[in-house]
Amino acid sequence: MALPLAGIRVLDFTWVVAGPVATRILADHGAEVVKIERKVPPPLGDRKRGLQCDLHRNKLSVAINMGNPGGIDLARRLAQKCDVVIDNFSARVMRSWGMDHASLSAIKPDIICISMSGLGHTGPRSSYVSYGPTLQALAGYTLLMADENGEPAGYGYSYADMAGGYTGALAALIALYHRHRTGQGQFVDLSQFEAVTSVIGPALLDIAVNDRRQHPPLYNSQEVLAAPHGVYRCRDLPKQETPTPPGAIAEAHDDRWVAISVRTQGEWERFVGAIGAPGAITDPRFRTLYLRMKNRAELDAHVSRWTRERSAEDVMIALQRAGLAAGVVENGADMCARDPQFKERGFWPAVRRADGELTQVTGIPFRLSAGSGSVRTIAPDVGENNDYVLGDLMGLSRSERDELVASGAVWP
């Protein structure tokens, strides 16, 4: 069965995380993604395991020297055989190579060029250099996520890269559909700053409509009033006394937690029933949502005493049986080795390395009844697919390829 994007070819100049996330989504669903890379890429990790393996699976790599005029000419010729050219450089880089939409559309009128720059191609800060954490700071996330002292903390990982990557893949699909209907290519000016700002949540509406200064929400519900609402400590795991076997996932912490959200009066009544209605919970101070919000510190203390005597899994199961939103605060070992939902849906597919060892990557989070994407190949080393791209795809003879290597346009 053909994959959904079979027949689409993407020339990929992206790097770090945001751009590779976008092209990974396209590659997973059948697009032929050809990465143009430097011979010695930035030291971002092992291509055959971990994050870099995850980001570049299902892709091809060709090592073209964009600092060499012959390399630039080769890249332009390769672009003529592609449907989409995508980058996540600052706004000026592709233009300096003659790889911007204005230049490429002159040789391939229906080309789609997607620029995933940090702040977009217009505006007083369009030339600013940015990474995910700086975009999150600009968008207010760092201020809205405070530590226990109230100091700005932000995410430990770059959420902006995920927001930008998924937006980039969506933009590519929209532009491809537009070309399918009209025959016209186009330039997509994607601002990762705007992409991550758009998913702040209710605080964004409060800022836009009420011009109200925002404060860290901590564990308070941002959508509707809810109590109890938060993360509650459960019974700790037994201390791990033996060393973790080779290849196994070590426990990061012994403490266990569960997230609980009770919003409506009906949910509250089911919550009381699920926990056996201990006297403190049926206290008149907690009978209505208004009272539970007013006395939520005392309520949280009572809930914590109940959860502390139980495992996080038992708490989740008991509350879910009552139709309540509750979930274990999972660690890496939970997610990768124990979570039965991930196991049942095959979310951690294995790919084989050249040495025969298997490594796991993240799966595809949706299924298409007419044929879903798949993880087919492990991430390539830089230049691993030079012969296929230059020979099979571009039709260059062996002597022509050797000349490109000798001139420094291609790295062997």
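Here the dipole of the chain is about 620 debye; that uses its Cα centre as origin and unit charges on the Cβ of Lys and Arg (positive) and Asp and Glu (negative).
Please sort 137-144, 114-121 by packing, taking for each peptide the average over its residues of neighbouring beta carbons within 10 angstrom, highest first. Intermediate values should be presented prior to the final figure.
Values: 137-144: 18.9, 114-121: 23.0.
Going from most to least packed, we get 114-121, 137-144.
From the Cα gyration tensor of the range 127-223, with a ≥ b ≥ c the square roots of its eigenvalues, which class applies: rounded if a/c is under 1.5, or else prolate if a/b is larger than b/c, or else oblate? Display every interim value, and only then the final one.
On the way: a/c = 2.79, a/b = 2.06, b/c = 1.35.
The shape class here is prolate.
Where only protein heavy atoms count, and the probe is 1.4 Å, what is the accessible area per residue for the range 297-412 in Å²?
Details: 6480 Å² over 116 residues.
Counting only protein heavy atoms, the per-residue value for the range 297-412 is 56 Å².
The apolar share of the surface of the chain, taken as the fraction of accessible area on carbon and sulfur atoms (1.4 Å probe, ligands and nucleic acids excluded), comes to 56 percent.
Counting only DSSP beta bridges with both residues in the chain, the antiparallel share comes to about 40 percent. Only one residue of Thr362, Ala325, Ser397 has its Cα farthest out toward the positive end of the dipole of the range 325-404, where Lys and Arg carry +1 and Asp and Glu -1 on Cβ, and that residue is Ala325.
Mind running the shape call on the range 1-139? Use the C-alpha gyration tensor, a ≥ b ≥ c as the square roots of the eigenvalues: rounded below 1.5 for a/c, prolate if a/b tops b/c, oblate otherwise. It is rounded, given that a/c, with a ≥ b ≥ c, falls under 1.5. Applying a DSSP loop filter and a limit of 12 other Cβ atoms within 10 Å to the GluC sites (Glu not before Pro) in the range 269-348 leaves Glu309.
Beyond 36 Å, what share of the Cα-Cα pairs of the chain remains, rounded to the nearest whole percent?
On the way: 33687 of 84666 pairs.
Pairs farther apart than 36 Å: 40 percent.
At 222 nm, what helix-only mean residue ellipticity would the chain give, in deg cm²/dmol to the nearest 500, using -39500 (n - 2.57) for each DSSP H run of four or more? Show your work: numbers first, answer last.
Details: 16 runs with 143 residues, N = 412.
Computed mean residue ellipticity for the chain: -10000 deg cm²/dmol.
Here is the list for the range 129-234: trypsin sites (Lys or Arg not before Pro) lying in DSSP coil, each with at most 16 other C-beta atoms within 10 angstrom of its C-beta, are Arg212, Arg213.
Apply the membrane-span-like helix rule to the chain: whole DSSP H runs, Cα extent along the own long axis of at least 24 Å, mean Kyte-Doolittle hydropathy at least 0.0. List the helices found.
Details: long enough: 159-182 (35 Å, 0.13).
Helix filter hits for the chain: 159-182.
The label-point distance for Val93 and Glu403, in a model that sets each label 7 Å from Cα toward Cβ, rounds to 3.0 nm.
So how strong a dipole does the range 257-412 carry about its Cα centre when Lys and Arg Cβ are +1 and Asp and Glu Cβ are -1, to the nearest 20 debye?
Working: 20 positive and 21 negative charges, 245 e Å.
Charge dipole of the range 257-412: 1180 debye, to the nearest 20.
For the pair Thr282 and Ser372, label points projected 7 Å from Cα toward Cβ lie 4.6 nm apart. Could you work out which residue, out of Val199, Val85, Val40, moves most in a Gaussian network model of the chain, that is, has the largest mean-square fluctuation with Cα springs under 10 Å? Of Val199, Val85, Val40, the most mobile in the Gaussian network model is Val40.
Full extension of the chain between Gln184 and Arg321 gives 44.0 nm of extra length, using 0.36 nm per residue less the Cα-Cα distance.
Mind ordering 359-369, 88-98 by average Cβ neighbours within 10 Å, highest first? Write down the numbers at each step before the final one.
On the way: 359-369: 13.0, 88-98: 17.5.
In descending order of packing, they fall as 88-98, 359-369.
Please list, or write none, the aspartates and glutamates whose alpha carbon is within less than 12 Å of the alpha carbon of Lys239, excluding same-chain residues fewer than 8 places away. Straight-distance partners of Lys239: Glu251, Asp254, Asp255.
Taking the highest mean first, how do the peptides 183-196, 147-160 order by number of other beta carbon atoms within 10 angstrom per residue? Provide the component values of the computation, followed by the final result.
Working: 183-196: 19.3, 147-160: 13.7.
Averaged packing, sorted descending, gives the order 183-196, 147-160.
Check which residues have an amide H placed less than 5 Å from Gly373's amide H, if you skip close sequence neighbours. When sequence neighbours closer than 5 places are left aside, the close amide H contacts are Leu368.
Cross-link reach is defined here as a Cα-Cα straight distance under 13 Å, omitting same-chain residues fewer than 8 places apart; for Lys35 the aspartates and glutamates meeting it are Asp12, Asp87, Asp381, Glu384. Be a star and scan the range 369-412 for residues whose amide nitrogen sits under 17 Å from the point 7 Å along the Cα-to-Cβ vector of Lys39. Answer for the range 369-412: 381-387, 401-412.
The values are calculated or read from the model by the stated rules, or taken from the named source; none is laboratory data. Quantities reported herein were computed from a predicted structural model and do not represent experimental measurements. So basically every Cβ, Gly included, is an ideal-geometry build from the backbone, and we count neighbours across all protein chains shown. With ligands, DNA and RNA removed, areas are computed over all heavy atoms of the protein, side chains included. Shrake-Rupley method; radii C 1.70, N 1.55, O 1.52, S 1.80 Å.
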